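Read the figures in this text as sums done on the coordinates, not as results from a lab. This is a predicted model, so every value here is computed, not measured. When we count neighbours, we look across all protein chains shown, and the Cβ atoms used for this are built from the backbone with ideal geometry, even at glycine.
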C-alpha cells in the first residue's frame, strides 16, 4: 500500500510549529488535509507552500506515527497579486479562513476548490475598494454551496413574493416579509437584497458601504461566521 498521496490542492494556512511549519490545504480528493513542512528558511519547499498557492501536492503518510509531511508542492498558480495589496491579502485570507471553518464544504471538494479558486483569481487584480465586495460575493455563493442560503424572493411564513423594492428580515434561518417579521430579526433593505440577488456576477458598479454592511451581516449570520 502506497504511503504517498497525490492531491490537487490549494494552500490555505501555514503556521510555525517548532522548527518546522504546519500547513493546511483544501484538496479536491480529500477536503482539508494538514501536513508538516520541513526545511530551513531558504528551502524551496517552504517558499512554495504559502497561502493562496495552488498546484500538485505530494504528501507522505507515516501510518505508525500517523503523521503527514509535504514531500513536494508543484505550484501551478502563485497568485502574486494577492500579496501586493493589503486589501487583497486580507480578503483572500478571510476566504481561506471560511474554507477551514466549514471543513472545506463537507464533501463536494472539487466544486469547493473551483469556487475558492474563482474568488481568489477575481481578487488578484482587483482594486483595493472592490475587495470587500468580492469577499462578500464569495460568502453568499458559499452559503448557497452549503445549502444554507435563504430564498430572498419569498417570505418563509406567508410564501408571498417579495417585490423588487421590498425589505425583509432574517431570523433563525428564515426570511420574512415586513408583515410577518413585525420588525424582528436582521434587517435587509431593498438595495442590499437586489445586490445579493445579483451575487453570481462579479462586474457592475460597487455598492454603497451601507449595502455592503447589510449584505455582509446577512451572509455572516447565514454562515454563523464572524469574519
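Miscellaneous remarks
- Zone residues, segment 207-224, relative to residue 128, backbone N less than 20 Å from point 7 Å out along Cα-to-Cβ: 207-210, 212-213
- Length released on extending from residue 178 to residue 65, taking residue separation times 0.36 nm less the Cα-Cα span: 34.9 nm
- Pair residue 56, residue 86: separation of 7 Å Cα→Cβ label points (nm): 3.9 nm
- Of 95, 59, 162, the residue with the greatest mean-square motion in the GNM of the chain, using alpha carbon springs below 10 Å, is 162.
- The alpha-carbon positions of the chain define a convex hull whose volume is 138 Å³ per residue.
- Taking the longest Cα principal axis of the chain as reference, the axis of helix 86-101 is set at about 90 degrees.
- Helix 109-124 vs. the chain, principal-axis angle (Cα, 0 to 90°, nearest 10): 80 degrees
- Sorted by Cβ neighbour density within 10 Å, fewest at the top, the residues 61, 101: 101, 61
- FRET E, pair residue 187, residue 15, Förster distance 45 Å, beta-carbon r, rounded to 0.05: 0.75
- FRET efficiency for residue 151 and residue 3, using Cβ-Cβ distance with R0 set to 35 Å, rounded to 0.05: 0.15
- Once both labels are positioned 7 Å from their Cα atoms along Cα-to-Cβ, the gap between residue 72 and residue 108 label points is 3.3 nm.
- C-alpha long axis of helix 131-145 to longest principal axis of the chain, angle in °: 90 degrees
- Where N is the number of residues in segment 4-77, Cα Rg divided by 2.2 N^0.38 Å: 0.99
- Inverse of mean 1/r across different Cα pairs in segment 47-154, Kirkwood, Å: 15.3 Å
- Modelled FRET efficiency - R0 35 Å, residue 165 with residue 224, Cβ distances, 0.05 increments: 0.75
- Approximating the spin labels as points 7 Å out from Cα along Cα→Cβ, the residue 36-to-residue 97 distance works out to 2.8 nm.
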